[in-house]
1. Could you tell me the calculated FRET efficiency between Val107 and Ser34, based on Cβ-Cβ distance and R0 = 41 angstrom, to the nearest 0.05?
2. How many nm separate the modelled label positions at Ile133 and Asn183, each set 7 Å beyond the Cα in the direction of the Cβ?
3. When the chain is fully extended, how far beyond the present Cα-Cα distance does Arg156 get from Ala50, taking 0.36 nm per residue of separation?
4. Which of the peptides 137-146, 241-250 is most tightly packed, and how do the rest follow, judged by the mean count of other Cβ atoms within 10 Å per residue?
5. Taking a quarter of the surface of the convex hull around the Cα atoms of the chain, what do you get in nm²?
6. Would you mind ranking Lys83, Lys208 by Cβ crowding within 10 Å, fewest neighbours first?
7. Could you line up Asp27, Asp89 from fewest to most neighbouring Cβ atoms inside 10 Å?
8. Can you sort Ser127, Ser82 from fewest to most other Cβ atoms within 10 Å of each residue's own Cβ?
Amino acid sequence: MKRILLYLFLSLVSLKISAGAAAELIDSANTAFSKKDYQKAITLYEKVRAQGLEAPALYFNLGDAYFKKKNIPMAILHFERSKKLQPGDDDTGFNLKTANALIVDKVEGAQVHLLATWENRFYNQFSEKGWCILSIVSFTGCLLFLLFYFISNRVRTKQYAFTIAFLFLLASSFNFMIARKTNITALTHDEAIVMAPQIKAKGSPDDKGTDLFILHEGTKVSVVRSSNGWSEVKLANGNTGWLPAAAFEVI
């Protein structure tokens, strides 16, 4: 199980949460998990989350505990939340794949173009904070070479320094744009996990609507729109239907 104290430190400071109290809860949760008291671990991790803290490792540990409790839809939900905050994490990807293999619905999405696959892998190399750090480092490099440009008396050195500073500025801007895109993705809650053991998707937002297809717990859907306690959802294969809002949890 992942250690999450390091992951949480900055968040605890920024949210003005008592670091000592949170660390004690996390330590108790980790101890409960190691003793296979998964329900106690879940309760303690949820107490930390209830204070407004969101961290990929916290969601990872929650997903792990739910998986051990054989609550697969809740495990998938929290692994998805962890992946959303830290998309390139291999452990989260592996656990999510393992959990998804246990659900009933195997929804095949449209084939993704190879170029789009490479693009997603590139974006997922780092989290939002990782791209921000790269942007800051690149901008610092830009400033350093600009300094060389202004203090140097040699024309050739000034040319090289200005060119390299410009390249660093481009890199900084590029990394910042990716960080912003990653942040928007993390803040966008348009995906959900079905929690109902079995539910019929309707053709309209009404119990009397036409039955379109059946969904089972753990299935991932995209939320298109909501109306009067119902939401229109879309599957990876393009099928759409209406579900009661209580039937799923937003990632």
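1. On the way: r = 36 Å, r/R0 = 0.87.
That pair, Val107 with Ser34, gives E of 0.70.
2. 1.7 nm
3. Values: separation 106, 0.36 × 106 = 38.16 nm, distance 5.88 nm.
Full extension of this stretch gives 32.3 nm more.
4. Working: 137-146: 16.1, 241-250: 18.4.
Averaged packing, sorted descending, gives the order 241-250, 137-146.
5. Values: hull surface 70.3 nm².
Dividing the Cα hull surface by four gives the mean projection, 17.6 nm².
6. Numbers: Lys83 21, Lys208 6.
Going from least to most buried by this count: Lys208, Lys83.
7. Details: Asp27 12, Asp89 20.
The order, fewest Cβ neighbours first, is Asp27, Asp89.
8. Values: Ser127 20, Ser82 28.
If I rank by nearby Cβ atoms, fewest first, I get Ser127, Ser82.
Every number in this text was worked out from the coordinates using simple rules, so none of it is lab data. Just so you know, these numbers come straight off a predicted model, no measurement behind them. As a convention, Cβ positions derive from the backbone with ideal geometry for all residues, glycine included, and neighbour counts pool all protein chains shown.
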